[in-house]
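One structure is given below, encoded as structure tokens.
Read the figures in this text as sums done on the coordinates, not as results from a lab. Predicted, not measured: the structure shown is a model, and the values here were computed from it. A quick note on method: Cβ atoms are made from the backbone with ideal geometry, for glycine too, and the neighbour counts reach across all protein chains shown.
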Amino acid sequence: MAVQKGAEKWKMKQWFDVYAPKAISTDVIGSIPAADEKSVTGRIMKVSLSWITHNPNHAFATVGLKITNANGNVANTEIDYLAQQYSYLHSLVKRRADAVYTYDIVKDREGDTITLKLLVTTRIKVAGRTKSMIRKTVHAFVTEYVSKLSKEEFLKALVANDLQSETMKKFGTTAPIAKVEIRKVEF
């Protein structure tokens, strides 16, 4: 019986247990095969946030976990990005309402750069200058909010929806805001 060439390589691989970042959870997310520890580092795993947090409210959020190091059969990760699915974001924008997209590059307490993309939906149609005012207010608030937090604290605030609720409180009298959602966060 002939043995395939690829089968021998596959049998030589070892399996690494991938752990979520400590800021979110300490559970094992899954296992991946690799030839050695060096080939594991740098990989990005795409996982649903609800898989990590066990919260059905996070079903539409996707997390990119970058493997930072591997030791033995354990692979540790950090978050590379967090993104909402387009279909979920599209469902938030109702008829006779507007969507305001923001794009902010901010720094956290340690000085690390975070790219933050938000979607602000309104209850009614708003003028162009109101959209501009919303973007400026969001930028000012987000810059101040993120600068007070470390990366781990900011991540916990995102998962707990603290950033979104604080932004809604800020807009209470400024504009008829329906919802604030994270489109994408890149670390």
(Q) Can you compute the modelled spin-label distance between GLU186 and THR143, with each label point 7 Å from Cα toward Cβ, in nm? (A) 2.0 nm
Q. For the Cα atoms of the chain, what angle does the longest principal axis make with the long axis of helix 128-147, in degrees from 0 to 90, nearest 10?
A. 50 degrees
Q) Taking a threshold of 30 Å on the Cα-Cα distance, which of the pairs LYS125/LYS170; LYS9/LYS156; LYS148/LYS184; LYS94/LYS148 fall above it? A) LYS9/LYS156; LYS94/LYS148
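Taking the Cα centre as origin and putting +1 on Lys and Arg beta-carbons and -1 on Asp and Glu beta-carbons, what dipole magnitude results for the chain, to the nearest 20 debye?
Dipole magnitude for the chain comes out near 1020 debye.
With an 8 Å Cα cut-off and a minimum separation of 6 or more residues, compute the relative contact order for the stretch 1-99 in percent.
That works out to 24 percent.
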Q | Filtered GluC sites (Glu not before Pro), the stretch 97-187: DSSP coil and at most 14 other beta carbons within 10 Å | A | GLU110
Q. Separation between the LYS156 and VAL74 pseudo-spin-labels, each 7 Å from Cα along Cα→Cβ, expressed in nm?
A. 2.1 nm
Q) Considering only DSSP beta bridges whose two residues both sit in the stretch 1-119, what percent are antiparallel, to the nearest 5? A) 90 percent
Q: Could you pull out every residue, at least 5 positions away or on a different chain, whose amide H is within less than 5 Å of the one on ASP80? Hs are placed 1.01 Å off N in the peptide plane, and Pro or chain starts have none.
A: GLY64, LEU65, LYS66
Q) So who's got an amide H within less than 5 Å of the one on ALA20, skipping anything under 5 residues away but keeping other chains? H placed 1.01 Å off N, in plane. A) ASP27, ILE29
Q: Using the Karplus curve 6.51 cos²θ - 1.76 cosθ + 1.60 with θ = phi - 60°, work out ³J(HN,Hα) for each residue of the stretch 151-158 in order, rounded to whole Hz, and write x for Gly and Pro.
A: 4, 5, 5, 5, 5, 5, 5, 5
Q | Residue-averaged 222 nm ellipticity for the chain, from DSSP H runs of 4+ at -39500 (n - 2.57), nearest 500 | A | -9500 deg cm²/dmol
Q: Grab the Cα-Cα distance for THR174 and ALA127, subtract it from 0.36 nm times how many residues apart they are, and report the gain in nm with one decimal.
A: 15.6 nm
Q. How big is the charge dipole of the stretch 86-186 about its Cα centre, in debye rounded to the nearest 20, if each Lys and Arg gets +1 on its Cβ and each Asp and Glu gets -1 on its Cβ?
A. 740 debye
Q) Who wins for biggest fluctuation among PRO176, PRO56, PRO21 in a Gaussian network model of the chain, springs between alpha carbons below 10 Å? A) PRO56
Q: Name the longest site-free stretch of the chain, where the excluded sites are trypsin sites (Lys or Arg not before Pro) in a DSSP loop with no more than 14 other beta-carbon atoms within 10 Å.
A: 23-93
